[in-house]
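Notes for the one structure printed next.
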Amino acid sequence: MERIIEHALVPGTFDPITFGHIDVVRRAARMFPRVTVAVAASIGKNGVGTAFTLDERVELARAALAGIPGVEIAPFTGLLVDFAREVDAGAVVKGLRAMTDFEYELQQADLNYRLDSELESVFIMSAPQLGYLSSSVVRQIASLGGDVSAFVPPVVIEALRVRYAR
Ligand code: PNS
């Protein structure tokens with residue numbers, strides 16, 4: 001019989017981590033005994049650099065996710081399928097907010113399948129009240145001096161304040 005998957009990755013850029021990501025990680029942790037939040041070193045999906053360094057993104061994720069049982073945070077470089085193999089993870093969990101996410105995520109899931117057909121892609125529908133939320137809108141609002149307290153935890157608010165201090 002096939003081995004049941006015990007370790008899943010929740011990968012992303014997390015630039016920075018938001019309540020949307022935290023919701024997906026919490027829910028993934030209810031489905032898999034071990035979850036690694038895999039913070040990608042690589043550039044974001046829009047092909048631009050990140051606002052926070054890899055170390056900063058890892059530290060913010062660590063602080064924001066502290067206390068969720070079974071969840072650890074790790075940076076990775078290179079291909080997700082290689083990192084999954086390295087840490088013996090059998091699934092990748094991602095949140096889906098809208099049809100626009102679906103197109104992008106389907107392409108990534110198909111690519112990952114071509115690279116490693118043993119690695120499962122699992123999708124969690126975002127909580128409806130978080131469907132509008134993304135790291136890029138958080139960065140935009142924070143950089144323009146707006147209040148992001150409904151979108152990110154206090155540790156991230158402080159990091160954004162420092163990052164966008166004028
Ligand atoms: O937060 P994002 O931008 O949705 O995360 C995208 C991420 C980091 C999961 C994706 O870009 C990724 O897996 N990058 C690692 C490189 C890789 O494996 N690319 C091939 C599959 S698309």
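The table below gives the values:
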| quantity | calculated |
| --- | --- |
| The chain, accessible surface, carbon-and-sulfur percent (1.4 angstrom probe) | 55 |
| For the stretch 95-166 and the stretch 1-29, distance of Cα centres in Å | 12 |
| Dipole magnitude of the stretch 7-130 about its Cα centre (Cβ charges: Lys, Arg +1; Asp, Glu -1), debye to nearest 20 | 360 |
| Estimated inter-spin distance, SER136 and ALA66, nm [label 7 Å along Cα→Cβ] | 3.2 |
| Principal axis box of the stretch 124-166, alpha-carbon based, largest edge first, Å | 37, 18, 14 |
| Peptides ranked, highest mean first, by Cβ atoms within 10 Å: ranges 101-112, 17-28, 146-157 | 17-28, 146-157, 101-112 |
| Accessible area expressed per residue, the chain, with surrounding protein chains retained (probe 1.4 Å, Å²) | 57 |
| Degrees separating the helix 54-65 axis from the principal Cα axis of the chain, which is the longest one | 90 |
| Neighbour net charge for LEU160 - beta-carbon separation under 12 angstrom, K R +1, D E -1 | -1 |
| Radius of gyration, Dmax [the chain; alpha carbons; angstrom] | 15.5, 59 |
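The values are calculated or read from the model by the stated rules, or taken from the named source; none is laboratory data. On a predicted model such as this, the values are computed, not experimentally measured, just so you know. All Cβ positions, even for glycine, are placed from backbone atoms using ideal geometry, and neighbour counts span all protein chains on display. Remember, those area values only see protein heavy atoms, side chains included, never the ligands or the DNA or RNA. Shrake-Rupley method; radii C 1.70, N 1.55, O 1.52, S 1.80 Å.
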